[in-house]
Amino acid sequence: MINRRTFGKALGLGAGGAVTVALPGVPGAAQAATERRAGPRRQGAFPPLRKVRAGLLEVGYAELGPAHGPPVVCLHGWPYDIHSFVDVAPLLVAEGYRVIVPYLRGHGTTRFLSGRTFRNGQQSALALDIVALLDALGLEKAVLAGFDWGARTAGIVAALWPERCKALVAVGGYLVVDLEANQRPLAPATERAWWYQYYFATERGRAAMEQKDKRHDLTRLVWDTVSPTWDFDDATFERTAAAFENPDYAAIVIHNYRWRLSLAEGERRYEPYEKRLSARPFIAVPTVTLDAEHDPFTAPGDGSSYRDRFTGPYGHRTLKGIGHNLPQEAPEAFARAVVDADRL
């Protein structure tokens, strides 16, 4: 198994001829071997967070790098937070990028501006949050890079508003939700990996997300099971778990997963976008897709199941020995994918 420290050195070119670049601070084999013996690396920290009003939200976000550098927006998933990119960001800053890492709605320091706004977790609502964030920061377009909810959100922006997306990095490939397809049963082993979605469809699941101790243990279990080879410590998890104390966290998470299973309705304001997404629109912006070998949600076929959705310059890579939280498990490989997508 390739250690996440040395993976960036071993990574080959993906289909589509993406250029591979050397990033500053990527360790050599000897250094990586020493670090393996020393145990998990000590992770960095973000500078003091910022806030900006954007659409329905006051968005809390980290920002690093030169103010006039090419912007990259990194988007986290569930149950994670901005610290999935705490080691990715410095690598991109070293390449001259301005890196923006926002908390998604319902997470961390991001808050709704109005108590009357429905706490909606459907896919187009999250995508419009990012469009609003770009507007609020005065960014015409940016490289969008994410995993899990973040990959879906970035992909939707790339599909519906390609003029706002310079390039895309999407862990897991094409993740746009097809509500009709979600009604069809999958193979039992695949269904088992989604156990928490069905749990959240019950009132017991809702109650678990609303209770701090149950929420803590549930999300920790997800971390352990979907990243089975990641050697993280308790402090790493606790740092992220603090973001789950957002007062809207349970409502957003429960609505997101119930909506995906057509057990909760969306809002009428998003219907035009959802109608377009139901057609599984093509993504034409330059894209690098990443699959993680030990992620239980990685589709079989080395990206073949979604390749036809990407019609522009394209590269694909499968990361051996890596689980679901790919940016935090393999930050050098993720940062390299960002740089390569931007140069396609």
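Computed values, structure above
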| item | result |
| --- | --- |
| Some residue of the stretch 253-265 being over 22 Å from residue 107 (Cα atoms) and under 18 Å from the mean Cα position of the chain (by Cα) | no |
| Yes/no for residue 93 being outside any strand (DSSP E or B), open to solvent by 10 Å² or more (accessible area, probe 1.4 Å), at pLDDT 95 or above and not aromatic (Phe, Trp, Tyr) | yes |
| The one condition in (1) buried (at least 22 other Cβ atoms within 10 Å of the Cβ); (2) on the phi > 0 side of the Ramachandran plot; (3) at pLDDT below 95 that residue 25 fails to fulfil | (1) |
| Output for the stretch 243-269, where each listed residue is without any contact (Cβ under 8 Å) to a residue 40 or more places away in the chain and either among the small types (Gly, Ala, Ser) or surrounded by 13 or more Cβ atoms within 10 Å (Cβ to Cβ) (or both) | 264 |
| Some residue of the stretch 119-138 being among the hydroxyl-bearing types (Ser, Thr, Tyr), farther than 18 Å from residue 176 by Cβ and at pLDDT 95 or above | no |
| The stretch 193-237: number of residues that are in a helix (DSSP H, G or I), open to solvent by 30 Å² or more (accessible area, probe 1.4 Å) and not small (Gly, Ala, Ser) | 17 |
| Qualifying residues in the stretch 270-329 (those that are among the acidic types (Asp, Glu) and within 20 Å of residue 131 (Cα to Cα)) - the one least open to solvent (accessible area, probe 1.4 Å) | 274 |
| Every residue from the stretch 49-90 that is part of a loop (DSSP other than H, G, I, E, B) and buried (at least 20 other Cβ atoms within 10 Å of the Cβ) | 65, 76, 77, 78, 79, 80, 81, 86, 87 |
| Positions within the stretch 201-235 being in contact (Cβ under 8 Å) with a residue 60 or more places away in the chain and of a type in the set (D, E, K, R), in sequence order | 231, 233 |
| Among the residues listed as 168, 175, 128, the single one being within 23 Å of residue 342 (Cα to Cα), among the aliphatic types (A, V, I, L, M) and in a loop (DSSP other than H, G, I, E, B) | 175 |
| Selection within the stretch 330-344 - closer than 18 Å to residue 284 by Cβ and open to solvent by 10 Å² or more (accessible area, probe 1.4 Å) | 342, 343, 344 |
| Residues being open to solvent by 10 Å² or more (accessible area, probe 1.4 Å) and of a type outside the set (A, V, I, L, M) - total across the stretch 126-156 | 7 |
| Selection within the stretch 132-159 - assigned to a helix (DSSP H, G or I), in contact with a helix residue (DSSP H, G or I) (Cβ under 9 Å, 6 or more places away or on another chain) and either without any contact (Cβ under 8 Å) to a residue 40 or more places away in the chain or closer than 20 Å to residue 172 by Cα (or both) | 149, 150, 152, 153, 154, 155, 156, 157, 158, 159 |
| Count of the stretch 181-190 residues which are over 12 Å from residue 261 (Cβ atoms) and either in contact (Cβ under 8 Å) with a residue 40 or more places away in the chain or open to solvent by less than 90 Å² (accessible area, probe 1.4 Å) (or both) | 3 |
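Yes/no per residue for (1) at pLDDT below 95; (2) closer than 23 Å to residue 126 by Cβ; (3) aliphatic (A, V, I, L, M):
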residue	(1), (2), (3)
202	no, no, no
214	no, no, no
220	no, no, no
248	no, yes, no
258	no, yes, no
264	no, yes, yes
273	no, yes, no
281	no, yes, no
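The values are calculated or read from the model by the stated rules, or taken from the named source; none is laboratory data. Note that this is a predicted model, so its numbers are computed, not measured. Reconstructed Cβ throughout: ideal geometry from the backbone, glycine too, with neighbour counts over all protein chains shown. Only protein heavy atoms, including side chains, enter the accessible area calculation; ligands, DNA and RNA are left aside. Shrake-Rupley method; radii C 1.70, N 1.55, O 1.52, S 1.80 Å.
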